[in-house]
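Everything below concerns the one structure shown next.
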Amino acid sequence: MRQSDSRRNFLKTAGATAAGLYAAGAGAKATAQNTKASAPVIKESLAINGGPKTVTVPFGDAAQWPLYGPEEEKAVLEVVRRPGYDPNFRLERDWQEYYKVPYVRAYCNGTGALNTMFFALNLPPGSEIMVPSYTFFATIVPMRLFGLVPVFVDINPRTLCFDLEDAKRRLTKNTKAIMPVHWIGLPADIDQIADWAEEKGLILLEDACHVHGARLKGKLMGTWGEMAAFSFQATKPLPAIEGGMANYKQREHFERGSTFGHYDLPVKFPADSKYRKYYGCGLGTKLRMHPMAAALARVQLSGLDKRNEMITKQIRGLNDRLAHLPGLYEQGNGRTDVDRIYYAWNMLFIDPKEAGMSREKCVEALRAEGVNATAHSYTLQHKLALYREPEWWHHPPVIPELPGSDKANATGISLPCFSKEVPELIDQYVKAFEKVWAHRDQLV
Amino acid sequence: MKRNDENPASASPRRDFLKTTGAAAAGLYLAGAGSSAAGQKTPGKSETLAVAGGSPTVTYPKEKQRAVFRWPQYGQSEKEVVRAVLDGSQRNFYNALARLEAQWREYNEVPFAKSHMNGSSALLSMYFALDLPPGSEVMVPSYTFFSTVTSLRFFGLVPVFIDINPRTATLDVEDARKKMNPKVRAIVPMHSWGLPCEMDHVCDFAKEHDLIVLEDAAHAHGASMQGKKMGTWGRMGIFSYQATKPLPGIEGGMGTYQNREDYERATVLGHYEAVSGNAPASGNSGIAPDSPYRKYEGTGLGMKLRMHPLAAALILKQLEKLDEQNRIINSQVRKINDRICQLPGLSEPVCREDQERVYYSGNLIFFDEAKAGISRATAVRALQAEGVGLSVWEYPENHKYALYSEPKWWHHPIDVPKVLPGCEEVNSRAINLALFRQEAPEMVDQYIAAFEKVWAHRKELA
Ligand SMILES: Cc1ncc(COP(=O)(O)O)c(C=O)c1O
Ligand SMILES: Cc1ncc(COP(=O)(O)O)c(C=O)c1O
């Protein structure tokens with residue numbers, strides 16, 4: 001499923017008559033020339049002003065997640081019947097087949113996988129790693145356990161992904177590695193990031209916890225970097241309630257990382273492995289995935305592409321029909337070589353000037369119409385207390401200004417990520433948006 | 001299960017036994033003279049040992065044996081709770097964790113409990129909660145699971161390997177006394193295979209030297225001493241719910257804490273979500289609004305150690321059955337041990353009258369080759385041929401791992417002991433007899449008969 005690029009593309013391809021009209025901001029004129037079906041929407045006053053609510057279809061389980069069925073149940077009950085760790089190895093086999101990377105290892109969760117990656121790097125304490133601040137703590141905090149220090153990099157406020165230009169400005173002499181996050185299913189510009197990393201001698205890592213099955217230039221995310229982490233937590237594109245996986249390209253990283261989290265596995269390394277002698281005690285702790293999670297993940301992996309396709313279809317079905325609204329954008333990078341997926345939220349952005357209304361008013365009006373819209377702001381890591389307290393770090397991380405991250409938080413509007421076919425709901429969502437936009441002069 | 005065997009090798013348990021049981025046959029075997037039993041219908045004597053071509057004593061159907069040994073003993077009710085998690089009717093997967101914590105506090109009568117991903121992560125969190133200056137030393141038994149020891153590494157703590165008492169396989173306080181040094185700040189007794197460490201002695205020693213007492217209760221769910229549950233004697237304790245453990249959730253763990261400060265610090269390392277949770281006024285989950293750890297909302301301190309909710313569902317169900325399950329296992333062990341420990345050369349770990357032990361993984365039996373008159377290996381082979389589920393007991397002595405001799409992993413080099421005679425003694429002397437997880441009187445009788453048969457014939461094996 002290719003992401004349709006931008007508003008420009010949309011206007012070329014979609015029946016955009018109505019869109020043009022609304023975009024012109026002339027509700028009255030639109031009413032006159034519009035089709036019968038959409039006319040009443042525009043006549044009626046906004047729900048926030050006492051008009052009728054546009055969305056009348058009950059939301060129900062439109063965004064239910066995870067989607068488990070009889071196959072998942074069967075696989076898990078088989079573990080109850082015969083508890084053992086085979087499901088973990090079977091999952092690793094299937095995962096490797098899907099990703100075609102030299103080494104993979106299952107862990108208790110994505111954070112566990114990230115822990116092993118930082119340990120596997122074996123960098124001198126005080127080394128620095130570039131990471132976005134706009135991410136979950138697990139991308140960053142574990143590095144402190146290994147004497148590593150984050151360099152916070154901004155994101156592009158329209159992709160929510162790593163801003164390479166910003167990274168270039170922030171490169172330090174201690175920077176040894178770089179870890180973009182592919183945020184909620186959208187691949188970062190990892191090809192360009194990889195080129196720059198190579199030029200600067202930085203190790204490329206990926207936080208692929210949101211991006212199971214997405215591709216750039218046909219190549220799966222999580223196979224670009226030297227190592228990559230995946231999460232199977234309940235909300236993720238491949239949910240096992242709790243679970244994680246790491247991809248490794250190099251044997252050294254794989255063996256060192258595995259030994260950090262698996263005291264029992266070094267015995268399986270080749271005889272010349274320098275980590276074999278840590279069989280029985282490992283080098284860290286026990287980060288084994290729950291075998292019931294592995295059983296779940298394995299079944300879910302077999303249906304991953306299909307589910308991604310179905311969800312993408314819903315989101316496109318909605319977003320393509322919103323693209324004409326002035327001042328409204330969706331998370332995307334405009335690249336045509338991206339096969340993104342969707343996860344957790346359908347992220348839109350509003351430009352209040354172009355839209356002629358504030359985000360708060362817009363969200364309020366949408367909610368009154370029955371749209372599950374939220375003014376979306378994600379916790380920025382660099383603003384949290386932990387990074388300002390030197391006691392936790394080899395040396396204190398630099399706390400930067402990150403205007404792109406701030407802008408994302410000031411302009412984001414999240415919609416639910418539909419997980420099933422909901423054509424009527426999508427129709428009504430579209431109408432609600434169009435109605436709000438048509439009356440937006442009342443929202444100033 | 002109360003036992004008063006100060007010395008299992010002494011005559012006292014035998015005397016007890018002779019008083020209470022129809023022990024004619026046993027007495028004969030104890031005398032070690034097979035010939036005197038010849039005239040009587042003693043089990044086994046007239047038969048050839050299976051190892052020499054005779055027929056095996058244990059004839060209980062294999063299928064039924066498997067059911068008796070099976071662990072965990074999951075059944076229909078476990079399947080149902082798992083199904084309920086998957087079918088989407090529970091809107092928040094993670095509510096089960098708080099429920100389990102509440103029940104664990106109640107069961108163990110402990111003020112604070114936090115669920116973790118496994119016992120190892122409970123250990124990691126416990127050592128973090130200690131908040132000791134790097135370079136502090138912590139006394140641990142060498143005879144334990146790796147994570148009792150390796151987790152210390154994360155916080156610049158250094159282990160002092162302590163021997164075990166060969167009569168209990170638990171931490172030897174006398175050895176701890178010998179190895180005491182000014183850097184030592186804490187001591188971690190482990191309740192080996194369900195037998196409580198002698199916590200009164202440990203606590204006295206700790207008090208003398210101002211040490212913090214922590215417990216590795218990974219093997220001891222439901223065990224107690226002087227009416228107080230294991231895991232609640234120390235300032236903090238940990239449990240494992242791994243598949244083989246007395247309370248199995250396949251993977252899972254729990255920390256128990258006597259004070260809020262430890263609980264909160266142990267929580268913040270691996271539970272970013274709990275840091276932002278509201279602590280109910282009187283309850284003990286979540287972090288208090290005025291906690292110094294509250295500010296780590298959104299970051300935690302570097303790990304995510306959340307238990308899998310499916311594990312929590314299993315553990316909650318199994319907890320309902322824990323006492324009864326422990327009772328069943330104990331009663332089977334008692335019936336077997338009360339008889340076989342009459343045989344020359346066999347004894348069991350000493351359990352004091354004020355201790356209620358449980359059994360984890362295996363029934364540890366000490367084997368004295370001199371008294372038995374045959375080697376352990378020979379006896380094990382003969383018993384296996386009779387159909388008895390047992391093996392030579394083997395358990396790693398952690399101090400022998402390369403990790404502890406390589407200074408690069410540690411704040412300062414570890415003073416690795418050359419030998420720990422208690423550990424070596426147990427490893428060279430013990431056998432691991434399978435636990436019966438269901439009532440199986442017929443099998444119990446056959447096991448006893450098999451031991452008695454082998455002992456009656458042991459001269460032929462020597
Ligand atoms: C970007 C990112 N990285 C890492 C993780 C950690 O994954 P897990 O929750 O499985 O430990 C998450 C999950 O929430 C995430 O969103
Ligand atoms: C003594 C001891 N401590 C700690 C643990 C760690 O438990 P887990 O396997 O749940 O991490 C175990 C489990 O094997 C154990 O035997």
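Between A:SER302 and B:GLU106, the FRET efficiency estimated from the beta carbon spacing at R0 = 41 angstrom works out to 0.50.
Across segment A:318-366, C-alpha contacts under 8 Å between residues 6 or more apart give a mean separation that, scaled by the residue count, equals a relative contact order of 40 percent.
Near B:THR170, the amide H atoms lying under 5 Å from its own belong to B:ASN165; only residues 5 or more places off or on other chains count, and H is placed 1.01 Å from N. Its relative contact order, with pairs defined as Cα atoms under 8 Å and 6+ residues apart, puts chain A at 24 percent. Working note: Karplus 6.51/-1.76/1.60 with θ = phi - 60° gives segment B:311-325 the couplings 5, 4, 4, 5, 5, 4, 5, 5, 4, 4, 9, 4, 4, 5, 5 Hz, where Gly and Pro are set to x. Over all orientations, segment A:70-302 has a Cα convex hull whose mean projected area works out to 12.6 square nanometres. Summarised as an ellipsoid, chain A has semi-axes of 43, 26, 17 Å, derived from the eigenvalues of the Cα gyration tensor scaled by 5 and square-rooted, with the largest first. Residues whose amide H falls under 5 Å from that of B:GLU348, counting only those 5 or more places apart or on a different chain, are B:PHE366, with hydrogens built in the peptide plane. Per residue of peptide A:66-74, the mean number of Cβ atoms on other chains within 10 Å of the residue Cβ is 2. Here the accessible area is traced with a 1.4 Å probe on the protein chains. For segment B:65-161, carbon and sulfur cover 48 percent of it.
Pairing chains B and A buries close to 4600 square angstrom of accessible surface in total, based on protein heavy atoms and a 1.4 angstrom probe. Phi angles across segment B:212-221 convert, under the Karplus curve 6.51 cos²θ - 1.76 cosθ + 1.60 with θ = phi - 60°, into 3J(HN,Hα) values of 7, 9, 10, 10, 9, 9, 4, 10, 10, 4 Hz, Gly and Pro given as x. Stretching B:HIS201 away from B:THR378 to a fully extended chain increases their span by 60.0 nm, per 0.36 nm per residue minus the current alpha-carbon distance. Overall, the accessible surface of segment A:70-302 at a probe of 1.4 angstrom is composed of carbon and sulfur to the extent of 48 percent.
Between segment A:227-278 and segment A:82-100, the alpha-carbon centres lie 12 Å apart.
The lysines within cross-link reach of A:LYS43, meaning a Cα-to-Cα straight distance under 19 Å and a gap of 8 or more places when in the same chain, are A:LYS29, A:LYS53, A:LYS431, A:LYS435. Close amide-amide hydrogen proximity is noted between B:VAL160 and B:VAL138, B:MET139, B:VAL140, each under 5 Å apart and 5 or more residues distant or on a separate chain (H modeled in the peptide plane; Pro and chain starts excluded).
From a point 7 Å beyond the Cα of A:ASP337 in the direction of its Cβ, which residues of segment A:194-213 have a backbone N at a distance under 14 Å? The answer is A:194-196, whose backbone nitrogens lie closer than 14 Å to the label point. For segment B:358-462, the relative contact order comes to 46 percent (Cα pairs under 8 Å, sequence separation of at least 6). Normalised per residue, the accessible area of chain B is 36 Å², obtained with a 1.4 Å probe and no contribution from ligands, DNA or RNA.
Taken over segment A:95-238, lysine pairs spaced eight or more positions apart, or on distinct chains, with alpha carbons under 30 Å apart number 18. Here each label is just a point 7 Å from Cα along the line to Cβ, and for B:ASP131 and B:GLN76 those points are 5.1 nm apart. Take A:165-176, B:100-111, B:189-200 and order them by the average number of nearby Cβ atoms within 10 Å per residue, most first; the result is B:189-200, B:100-111, A:165-176. Close lysine pairs were tallied over segment B:76-319: pairs 8 or more places apart or on different chains with Cα atoms under 16 Å apart number 6. Mean partner shielding of peptide A:289-296, defined as the number of other chain Cβ atoms within 10 Å of each residue Cβ, is 5. Neighbouring Cβ atoms from other chains, within 10 Å of the Cβ of residues in B:147-153, number 3 on average.
Suppose R0 equals 25 Å. What FRET efficiency, 1/(1 + (r/R0)^6) with r the Cβ-Cβ distance, do B:ASP210 and B:ASP354 give to the nearest 0.05? The computed FRET efficiency comes out at 0.45.
Summed over the residues of segment A:70-302 and divided among them, the accessible surface reaches 30 Å² per residue at a probe radius of 1.4 Å. Packing here is the average count of other Cβ atoms within 10 Å per residue, and on that basis the peptides B:372-378, A:231-237, highest first, run A:231-237, B:372-378. Taking 1.567 mPa s as the viscosity and 4 °C as the temperature, the Stokes-Einstein diffusion coefficient of segment B:76-319 based on its alpha-carbon Kirkwood radius rounds to 72 µm²/s. Among B:175-183, A:414-422, sorting by the average number of other beta carbon atoms lying within 10 angstrom of each residue, highest first, gives A:414-422, B:175-183.
Shown in residue order for segment A:240-245 are the 3J(HN,Hα) couplings computed by the Karplus curve 6.51 cos²θ - 1.76 cosθ + 1.60 at θ = phi - 60°: 10, 6, 9, x, x, 8 Hz (x for Gly and Pro). Cross-link partners of B:LYS408 among lysines, defined as those whose alpha carbon lies under 18 angstrom from its own and excluding same-chain residues fewer than eight positions apart: A:LYS274, A:LYS277, B:LYS400. Here the Kirkwood formula, the inverse mean of 1/r across different C-alpha pairs, assigns the protein assembly as shown a hydrodynamic radius of 30.3 Å. Each label was represented as a point 7 Å from its Cα along the Cα-to-Cβ direction; for A:GLU391 and A:VAL444 these points are 5.4 nm apart. Between the helical axis of B:260-270 and the dominant principal axis of chain B, each derived from Cα atoms, what acute angle in degrees is found, rounded to the nearest 10? Approximately 90 degrees, to the nearest 10. Plainly put, chain B has a radius of gyration that is 1.01 times its Kirkwood radius, both from alpha-carbon atoms, as the Rg/Rh ratio.
The values are calculated or read from the model by the stated rules, or taken from the named source; none is laboratory data. In this text, all values refer to a predicted model and were calculated from it rather than measured experimentally. Here the Cβ is made from the backbone with ideal geometry for all residues, glycine too, and neighbour counts use every protein chain on show. Ligands, DNA and RNA are stripped out before the accessible areas are found, and what is left, the full protein with its side chains, is counted by its heavy atoms. Shrake-Rupley method; radii C 1.70, N 1.55, O 1.52, S 1.80 Å.
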